[in-house]
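Since the structure comes first, as structure tokens, the remarks are kept for the end.
The values are calculated or read from the model by the stated rules, or taken from the named source; none is laboratory data. Please read all numbers here as calculations on a predicted model, not as lab measurements. Note: ideal-geometry Cβ built from the backbone for every residue, glycine included; neighbour counts use all protein chains shown.
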Amino acid sequence: MKPASVISQFTPALIALGVGSAMWVLAGAKLADSKNNVLEFQPNILAIKGSPIGKTIALAIQGDIDNAWHEGESNPYETHDHSNCEHDHGVCSHDDEPVKDHGSCDHDHGHCEHDHGTHAETPSSDSWLRGQVDHMTASIYTSNSPFELTERHRKHIRENVEQKIAFAYSLDPENYLNYNALHLFYETTLGNDVKSADQLIELADKTRAGIREYTLDPEPWTTAASTQVNICGVILNQLGLEGREQQFVDHLNDMRNCLIHFDLLRQEKIRNGSWEKIAGPRRNQMVERFLLMVKEHSNHYKIYERLTESRNVPSPSPPLKMANAPTHQ
């Protein structure tokens, strides 16, 4: 009888332990990624992702990314010419200041008032200290070997850059450079693992959805436009246009709406005086990306018209005609 009393004494505890274990298993199952059979849990510690602090950290990371990508031969305070680079940066865009000499970029710098061919001058008061910091930063990624880097080493550098870009994107997914750089790595062999067309579209849709809440800041809408042109590119280059004409038209029209939204918000900022409060290089950067996306929309419209000529398919809205196109300021 005594053993039985001991068992009955622990029965409630055993039942509670069993119920708790079952609930823990069920809760964990919701975090599982059924495709890869791994746990998919990415906590937002201190709510830093998407916060102003997170966006600032993401901007700071971009300089480190630039150093790693160029193997320590450049730093975020120097101008460098990408026109002869062997690698592909996709759309021409850098968040480094001042705007670089982009060589063969297809956008027009004719109205720029600043010189793209000269180096930026750092303030004389801290030029020596900044030079020392830049040198130490670059030395992290600079090879001290007399031999060329092996392909395995270069692959390691690309993986390192991809991780940094993915981290920057997690902090500020609406940033134009963060999203487009990540899309480039996921779409091409630059990345560690080339993503499928569905995964690229999923990334674009997730980024686009996060921008809908921006009703005052025009800058994220250039990113939104780029998500739609990237989806159009995936349809053309990977999935095939036939049978997906309506999907292509929907994304092209949404890209057009994003560009209109950018211009409306920009005009509103000009009217209320807040546009001039934005730093000049940042304003130039926004306008440059906007004009590039306008050209991309026009190009994809022409491609669609040529591929669907004499076919009974949906027609997209025509390219934007800017009566008073914004210029660099």
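Just to be sure, is SER317 of a type in the set (S, T, N, Q), under 30 Å from LYS195 (Cβ atoms) and part of a loop (DSSP other than H, G, I, E, B)?
yes
Go through (1) assigned by TED's automatic domain parsing to the domain that holds ARG256; (2) modelled with pLDDT under 90; (3) touching a Lys or Arg at 6+ places or on another chain (Cβ under 8 Å) for LEU190 and report which single condition fails.
Status for LEU190: all satisfied but (1).
What pairs come out if I take residues in region 232-246 that are in contact (Cβ under 8 Å) with a residue 24 or more places away in the chain and pair them with residues that are of a type in the set (S, T, N, Q) and in a loop (DSSP other than H, G, I, E, B) whose C-beta lies under 7 Å away, six or more apart or interchain?
GLU245/THR308
I'd like the full set of residues that are among the small types (Gly, Ala, Ser) and under 15 Å from ILE201 (Cβ atoms), limited to region 233-257.
GLY233, GLY240
Going by the conditions given, is GLU288 surrounded by 12 or more Cβ atoms within 10 Å (Cβ to Cβ), acidic (Asp, Glu) and more than 13 Å from THR222 (Cβ to Cβ)?
When the stated conditions are applied, GLU288 does not pass them.
Only one of these is farther than 30 Å from ASN257 by Cα and at pLDDT 80 or above: ASN160, ASN144, ASN178. Name it.
Criteria check complete, one pass: ASN160.
Given (1) at pLDDT 95 or above; (2) under 29 Å from LYS164 (Cα atoms), where does ARG266 come up short, assuming only one miss?
(2)
Out of all the residues in region 240-284, which are among the aromatic types (Phe, Trp, Tyr) and part of a helix (DSSP H, G or I)?
Once the filter is applied, which keeps residues that are among the aromatic types (Phe, Trp, Tyr) and part of a helix (DSSP H, G or I), region 240-284 yields PHE248, PHE262.
Restricting region 193-224 to residues that are assigned to a loop (DSSP other than H, G, I, E, B) and among the polar types (S, T, N, Q), which is modelled with the lowest pLDDT?
THR215
Among (1) within 22 Å of ASN180 (Cα to Cα); (2) of a type in the set (Val, Ile, Thr); (3) touching a Lys or Arg at 6+ places or on another chain (Cβ under 9 Å), there is one condition ILE278 misses while meeting the rest; what is its number?
(1)
All but one of (1) out of contact with any Cys (no Cβ under 8 Å at 6 or more places or on another chain); (2) small (Gly, Ala, Ser); (3) surrounded by 14 or more Cβ atoms within 10 Å (Cβ to Cβ) hold for ALA279; state the number of the condition that does not hold.
Going through (1) out of contact with any Cys (no Cβ under 8 Å at 6 or more places or on another chain); (2) small (Gly, Ala, Ser); (3) surrounded by 14 or more Cβ atoms within 10 Å (Cβ to Cβ) one by one, ALA279 breaks only (3).
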